[in-house]
Amino acid sequence: MKNIIFIAAPATGKGTFSNMLMERYGYNHISTGDLLRNIVKTNTSLGNEVANVLKSGKLVEDELMFKIIKEKLNQMDLTKPFIIDGLPRNINQALYLNKLFDELNVNNYMAINLDLEYEVALKRALGRLSCLNCGATYNKFFEKFKPIKENICDKCGNVLDSRTDDNEESFKERFETYQKNVKPILDYYMNNNKLLKINTHEFTNEEIFDIIINAVK
């Protein structure tokens with residue numbers, strides 16, 4: 001199975017498909033968002049700095065992201081397939097990631113672009129709920145994605161949590177920043193024959209998952 005780089009705007013399903021890949025095919029998952037939120041929980045000066053950036057909807061500086069992602073990859077068993085979710089967010093990060101992959105002898109990978117309209121992505125973001133215990137995800141605005149019992153995880157019974165950066169102002173900032181930076185990233189992977197683009201509004205989640213699996217096998 002190929003390693004995967006998910007390139008997508010906020011709330012377009014990166015976490016959902018990452019969980020499906022982990023459960024069914026044993027992928028390791030590197031979520032830059034989760035890594036940053038874990039740093040925030042340390043309540044250190046760095047954690048407070050990252051917290052302020054996340055609340056504003058702006059992006060963490062490249063230098064810090066490079067350090068975090070390199071440390072994470074060095075800790076992993078790279079004989080197992082992995083997913084990178086949330087990076088690259090600009091062409092500089094794409095070039096750095098390629099350099100890092102060369103250093104680690106990682107060449108069996110592809111970039112998958114999940115495309116979604118702004119209004120649908122916004123609704124997904126504002127309704128998003130997650131379980132901090134088992135990682136399951138839900139959405140309070142979409143009937144098929146609601147938990148059976150309000151605010152309680154179906155899988156483990158833990159209380160569900162919403163993200164502090166999931167508000168309309170910060171989401172708009174993140175979405176617009178993504179749209180401004182994404183074209184050169186997609187062009188870069190397309191020119192290197194590493195890109196799969198999926199218009200997610202045209203398919204169900206299971207259909208999208210099948211498309212992904214057929215591409216990475």
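Once fully extended, how much extra length lies between residue 72 and residue 169, figured as 0.36 nm per residue of separation less the alpha-carbon to alpha-carbon distance?
Here the segment from residue 72 to residue 169 would lengthen by 31.9 nm.
With 19 Å as the limit, write out which pairs from 197/217; 70/183; 123/172; 2/58; 72/99 have Cα-Cα distances beyond it, or answer none.
70/183; 2/58
In whole Å, what are the extents of region 8-67 along the principal axes defined by its C-alpha atoms, from largest to smallest?
38, 22, 19
Probe radius 1.4 Å, ligands and nucleic acids ignored: give me the carbon and sulfur share of the accessible area of the chain as a rounded percent.
Here carbon and sulfur together make up 48 percent of the probe-accessible area.
Have a look at the DSSP beta bridges in the chain and tell me what percent are antiparallel, nearest 5.
In the chain, DSSP labels about 25 percent of beta bridges as antiparallel.
Considering the options 179, 151, 193, tell which one lies farthest towards the positive end of the dipole of region 123-199, charges being +1 on Lys and Arg and -1 on Asp and Glu at the Cβ, about the Cα centre.
Looking along the dipole axis, the top candidate is 193.
Looking at (i) 1.03; (ii) 0.98; (iii) 1.40, which value of Cα Rg over 2.2 N^0.38 Å comes from a calculation on the structure shown?
(ii)
What net charge do the residues around residue 196 carry, taking every other residue with its C-beta under 12 Å from that of residue 196, with Lys and Arg at +1 and Asp and Glu at -1?
Neighbourhood net charge equals +2.
From the alpha carbon gyration tensor of region 143-217, can you work out the equivalent ellipsoid semi-axes (sqrt of 5 times each eigenvalue) and give them in Å, largest to smallest?
Over the Cα atoms of region 143-217, the ellipsoid semi-axes are 30, 21, 11 Å.
If you place +1 on the Cβ of every Lys and Arg, -1 on the Cβ of every Asp and Glu, and leave all else neutral, what size is the dipole of region 78-195 about its Cα centre, to the nearest 20 Debye?
260
To the nearest 20 debye, what charge dipole does region 136-217 have about its Cα centre, counting +1 at the Cβ of each Lys and Arg and -1 at the Cβ of each Asp and Glu?
For region 136-217, the charge dipole is close to 260 debye.
How far is it, in nm, from the label point at residue 44 to the one at residue 211 when both lie 7 Å from their Cα along the line to the Cβ?
Calculated label separation equals 4.0 nm.
Report the extension gain between residue 134 and residue 95 in nm, rounded to one decimal, defined as 0.36 nm multiplied by the number of residues separating them, less their alpha carbon distance.
Difference between extended and current length: 10.7 nm.
The values are calculated or read from the model by the stated rules, or taken from the named source; none is laboratory data. Note that this is a predicted model, so its numbers are computed, not measured. Quick reminder, even Gly has a Cβ in these numbers, built from the backbone with ideal geometry, and neighbours come from all protein chains shown. The accessibility values were calculated without ligands, DNA or RNA, using every heavy atom of the protein model including side chains. Shrake-Rupley method; radii C 1.70, N 1.55, O 1.52, S 1.80 Å.
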